[in-house]
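Undergrad: This structure is in structure tokens; I'll ask about it shortly.
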Amino acid sequence: MQIDAKRTVLLVEDHAREREIIRRILVDNDFNVETTPDYHGAVKYLSQFVPNLVCLDLTLPRESGFELCEYVRKDARFRFVPVLVVSDRSSPEDMAQAEYVGANAFLKKPFTGPKLLKYVTTLLDGPHASRPSVRRLRRGDVP
Amino acid sequence: MRRPTDQTLNRVADGILLVAGCAVATMNLPWQPGWHWVVFLCMSGLAVLLWTIGGRVLRHYDVWNGRGVGGDIVLTILLLGVVLGIMMVAHRLVPAYRAGSYFRRFFVIAAPGIVWLRLTVLWLQRREKPIEPVLIIGTGPLGRHTGLEILDRKDHVRVIGYLRFSDEPIHDRLPAEVLGTASDLEDVLKRLVVSEVFISGRTDSQRSEMQGAIRVLERFGIPFALPAGGFRFARARPEHENAVADGYIHYLSVKHKPVQLALKRLFDIGASASALALLSPLMLVVAVLIKVTSRGPVLFRQTRVGRHGRPFHMLKFRSMVANAEELKAKLMAKNEQAGPVFKIARDPRVTAVGRFIRKYSIDELPQLVNVLRGEMSVVGPRPPVPSEVARYEAWQRRRLSVRPGLTCVWQVSGRNEISFDDWMYLDMEYIDHWSLAHDFQLILKTVPIVLSGRGAS
């Protein structure tokens, strides 16, 4: 689907400023970023394109990030598209629920630019089959 | 992650502060220059010596002494007070030296420094050294994230292992090893010291196993935590954030009375410190008597099982011959107490002095030090020996869910004349219906029994 060599990240984040910050970080590092504030925008985009990565917030204005993640996982086209959850809901229970619906990694807010990039690049270049829990990167052992 | 250097640094820095305090206290003394140095050196030497002994008795520099921050600070101040008191007395005894008022300066310099340092060390320790061992049941995403979260939080909690539910595969990315399945819980709790168990299961598919684990934990009296929601929340948060701060609801097998518990600990410290001070002449006499009349050490250090099964050394005046433990095996046949306890009426291993100090429970007095250290309390179930605990049935292990004590219901209710099971029931009753008022009643009842020497063996 992609015309250019850059890899595409679909960014779903309701908070305008945070969306802009994440977008800027990714664009600065040679990613093609598509942004949308909610579930419906994301579904609309996904009906036409297959991104390399979906980066989503759990708290969205209407349907939640969990639902979006479930939607992505239901469709065979996105079987190899990793999902990165970026959220300030970070209790073990939230993280477990994210994993149940098929998210590949969970990045807690607030985060730093380098950390976000580390998560994104590990998800894109790491061994997908084993579904790396990128959260463990923080302790230094790359999955 | 052991950092013994924290303790060494603390020790050295405390020494420097004490010497600095002495230097300030002896400044401007109205004597010739030569004398000044002698006084300063004597004073510093005494201060450091007393501090070292006191610190050793109270296990002040042990990496883990089982005390909270509050208790530790109170003990630090107490230790400082004792050192200062003895030094003042010592200086009064030297007639030429009347620098009593200079101690105020000593105190002003040394005390805040030492206490502040202690707080820093405790804070460092809390960050660096995990000490409360927890067990997680469930190796699924929730169990794993819970373990990682505990690792990340870096406070005083350490995950010692996982148990998996029967429908879970063995997972390899866990922060601790898998010790077995949920049905092994009872065996694991018997083997390991565990202060809390996280039951990270799903109520839809693992409900019966979770319920089984809860039953075991209630029987053992070990605190546990259940997932607060078990549901997916995209937006909603608990109204009272603190109620489920880590996503779990925490349960205790006893009624939580934090204020009363804190008061109890405070009473323990105050009572044991003043009792030690008052009884020190008597204890000194007894110590000399023991040393003179029989071969062997004055104190008898026995390993006993403390709260949540953590072993500690209980102190007693030695009332038996030095090789008493070896003789115990031969005498086992004559045991008069049913159950896993060993007691016989006319024990041939007891020495003459031993018989006397036992009759009036003087042999138990060194345990005031255990109380001061925080390993024991004044009132609480008597700490059992490890071999006894090994033969406990599950429900009897609940005795270990509170701090052991010097006296309890059993001690004031006719002592050896009741059966082991009744004794256990009395201890359970004490644990389940604990209150500060009840503690004081027990203390008041204990005093006449000890003084009369009734029922003691």
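Undergrad: Using the structure shown, decide if A:THR35 is touching a strand residue (DSSP E or B) at 6+ places or on another chain (Cβ under 6 Å) and either at pLDDT 90 or above or not in a loop (DSSP other than H, G, I, E, B) (or both). Walk me through how you get there before you give the answer.
TA: On the way: touching a strand residue (DSSP E or B) at 6+ places or on another chain (Cβ under 6 Å): yes; either at pLDDT 90 or above or not in a loop (DSSP other than H, G, I, E, B) (or both): yes.
Answer is yes for this residue.
Undergrad: Read through the list (1) touching a residue at least 24 places away in the same chain (Cβ under 8 Å); (2) within 12 Å of another protein chain (Cβ to nearest Cβ); (3) in contact with an Asp or Glu (Cβ under 8 Å, 6 or more places away or on another chain), then give the number of the only condition that B:GLY229 fails.
TA: The single condition B:GLY229 does not satisfy is (1).
Undergrad: Quick one: is A:ARG73 charged (D, E, K, R), at pLDDT 90 or above and either under 15 Å from the mean Cα position of the chain (by Cα) or not in a helix (DSSP H, G or I) (or both)?
TA: Working: charged (D, E, K, R): yes; at pLDDT 90 or above: yes; either under 15 Å from the mean Cα position of the chain (by Cα) or not in a helix (DSSP H, G or I) (or both): yes.
Yes: the conditions hold for A:ARG73.
Undergrad: Report whether or not B:LEU365 is without any contact (Cβ under 8 Å) to a residue 40 or more places away in the chain and touching a helix residue (DSSP H, G or I) at 6+ places or on another chain (Cβ under 7 Å).
TA: no
Undergrad: I'd like to verify a number: residues in the stretch B:213-245 that are surrounded by 15 or more Cβ atoms within 10 Å (Cβ to Cβ), among the small types (Gly, Ala, Ser) and outside any loop (DSSP other than H, G, I, E, B), how many?
TA: Total satisfying the criteria: 2.
Undergrad: Turning to a different aspect of this structure: Within the bounds of the stretch B:290-303, is there any residue that is surrounded by fewer than 16 Cβ atoms within 10 Å (Cβ to Cβ), in a strand (DSSP E or B) and within 14 Å of another protein chain (Cβ to nearest Cβ)?
TA: No, the conditions are met nowhere in the stretch B:290-303.
Undergrad: Right, another one. Return only the number of the condition from (1) over 30 Å from A:ARG62 (Cα atoms); (2) out of contact with any Ser or Thr (no Cβ under 7 Å at 6 or more places or on another chain); (3) touching a residue at least 60 places away in the same chain (Cβ under 8 Å); (4) buried (at least 18 other Cβ atoms within 10 Å of the Cβ) that B:LEU282 does not satisfy.
TA: Every condition holds for B:LEU282 apart from (4).
Undergrad: Counting only residues that are within 14 Å of chain B (Cβ to nearest Cβ), touching a helix residue (DSSP H, G or I) at 6+ places or on another chain (Cβ under 6 Å) and either among the polar types (S, T, N, Q) or part of a loop (DSSP other than H, G, I, E, B) (or both), how many does the stretch A:76-103 have?
TA: Of the residues in that region, 3 qualify.
Undergrad: Here's something else I'd like to know. What single numbered condition from (1) within 11 Å of chain B (Cβ to nearest Cβ); (2) closer than 24 Å to B:GLU168 by Cα; (3) touching a residue at least 12 places away in the same chain (Cβ under 8 Å) fails to hold for A:ARG73?
TA: (1)
Undergrad: Considering each residue of the stretch A:9-32, count those that are buried (at least 18 other Cβ atoms within 10 Å of the Cβ), among the charged types (D, E, K, R) and in a helix (DSSP H, G or I), and give that number.
TA: The number of residues fulfilling the criteria is 2.
Undergrad: Turning to a different aspect of this structure: Go through the stretch B:196-226 and report how many residues are within 14 Å of another protein chain (Cβ to nearest Cβ) and among the hydrophobic types (A, V, I, L, M, F, W, C).
TA: Of the residues in that region, 4 qualify.
Undergrad: Among the numbered criteria (1) within 26 Å of B:GLY161 (Cα to Cα); (2) touching a Pro at 6+ places or on another chain (Cβ under 9 Å); (3) more than 14 Å from every other protein chain (Cβ to nearest Cβ), which single criterion is violated by B:MET283?
TA: (1)
The values are calculated or read from the model by the stated rules, or taken from the named source; none is laboratory data. All values reported here derive from a predicted model rather than from experimental measurement. Neighbour counts are summed over all protein chains in view; Cβ atoms, including those assigned to glycine, are modelled from backbone coordinates with ideal geometry.
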